[in-house]
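Have a look at the structure below before the remarks.
Please treat every number below as a calculation from the coordinates, not as lab data. In this text, all values refer to a predicted model and were calculated from it rather than measured experimentally. Cβ atoms come from the backbone with ideal geometry, glycine included; neighbour counts cover every protein chain shown.
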Amino acid sequence: MNLLTDRGEKKSKSNGLPTVYAMNTFFIPCLMKAGYGGVKRWTRKVDIFTKDILPVPVHVGGVHWCMAIIHLKNRTIKYYDSMGTPNPNVLKALEQYLKDESMDKRKQPFDTSQFLIESVPDVPRQMNGSDCGVFSCMFAEYVTRNKEITFSQQNMEYFRQKMILEIVQGELLQ
């Protein structure tokens, strides 16, 4: 997730990619447990409203990874689950988070009435019990590159190897 943020900071202006600020894996558990008060300090050094896309990893039940993506530029909050299970609670919490963050940091309301907020129904599905993390990362990777999500289970081994290389090199590949 940090590599998505880094690419968004370094390359968004030069190659037309969206600006990105990725939340960490503890964001949703803290938000769901403690509400805005539990996470409000996490963005004290960044104005999320100046970013185009906010990927938010979601660990469901301690066993399954999904990806929520707030796309401020396109006015969407979408939840991507490779098992196909919707999560309206996370979507509602993220919508409220945007409103609370705006009131706290910008001292003005944030209108989400024109936002499309949905659990995306037609996403690639995993065919095993171990690739959810790779699927989640790839959902974020494709959206932050403005690419249509066209991958499938058959691509997961390639993506695993690519992710290892990217982590070792500290930079996302093309």
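Answer yes or no: is there a residue in segment 144-158 that is among the β-branched types (Val, Ile, Thr), within 20 Å of Thr5 (Cα to Cα) and in contact with a strand residue (DSSP E or B) (Cβ under 7 Å, 6 or more places away or on another chain). Don't jump to the end; show me each part of the working.
Just the residues of segment 144-158 that are among the β-branched types (Val, Ile, Thr), to begin with: 144, 149-150.
Keeping just the survivors that are within 20 Å of Thr5 (Cα to Cα) gives 144, 149.
Those still in the list that are in contact with a strand residue (DSSP E or B) (Cβ under 7 Å, 6 or more places away or on another chain) too: 144.
Yes, the conditions are met somewhere in segment 144-158.
Give the residue, chosen from Lys92, Lys107, that is loosely packed, with under 13 Cβ neighbours inside 10 Å, under 16 Å from Pro57 (Cα atoms) and either touching a helix residue (DSSP H, G or I) at 6+ places or on another chain (Cβ under 7 Å) or of a type in the set (Lys, Arg) (or both).
Lys92
Count, please, the residues in segment 65-87 that happen to be among the hydroxyl-bearing types (Ser, Thr, Tyr) and without any contact (Cβ under 8 Å) to a residue 40 or more places away in the chain.
Looking only at that region, the number is 1.
Residue by residue through segment 68-87, note down the ones that are farther than 18 Å from Asn128 by Cβ and under 12 Å from the mean Cα position of the chain (by Cα).
Ala68, Ile69, Ile70, His71, Leu72, Thr76, Ile77, Lys78, Tyr79
Under the condition of being touching a helix residue (DSSP H, G or I) at 6+ places or on another chain (Cβ under 6 Å) and among the aliphatic types (A, V, I, L, M), which residue from segment 35-53 is nearest to Gln96 (Cα to Cα)?
Val39
Give Lys45, Lys33 a once-over and let me know the one that is in a loop (DSSP other than H, G, I, E, B) and either out of contact with any Leu (no Cβ under 7 Å at 6 or more places or on another chain) or crowded, with 16+ Cβ neighbours inside 10 Å (or both).
Details: Lys33 fails: in a loop (DSSP other than H, G, I, E, B).
Answer to the selection: Lys45.
Taking segment 110-155, which residues are of a type in the set (A, V, I, L, M) and either in contact with a helix residue (DSSP H, G or I) (Cβ under 9 Å, 6 or more places away or on another chain) or surrounded by 13 or more Cβ atoms within 10 Å (Cβ to Cβ) (or both)?
Ile117, Val120, Val123, Met127, Val134, Met138, Ala140, Val143, Ile149, listed by residue number.
Of everything in segment 108-131 that's within 14 Å of the chain's Cα centre (by Cα) and among the hydrophobic types (A, V, I, L, M, F, W, C), which residue is nearest to Met1 (Cα to Cα)?
Val120
Go through segment 115-174 and give me each residue that's within 21 Å of Leu17 (Cα to Cα), without any contact (Cβ under 8 Å) to a residue 40 or more places away in the chain and in a helix (DSSP H, G or I).
Met138, Tyr142, Phe159, Lys162, Met163, Gln169, listed by residue number.
Considering each residue of segment 18-30, count those that are closer than 24 Å to Lys147 by Cβ and assigned to a loop (DSSP other than H, G, I, E, B), and give that number.
Of the residues in that region, 7 qualify.
Being touching a Phe, Trp or Tyr at 6+ places or on another chain (Cβ under 9 Å), aromatic (Phe, Trp, Tyr) and under 13 Å from Ile28 (Cα atoms) is the filter here, so list the residues in segment 55-99 that pass it.
Trp65, Tyr97
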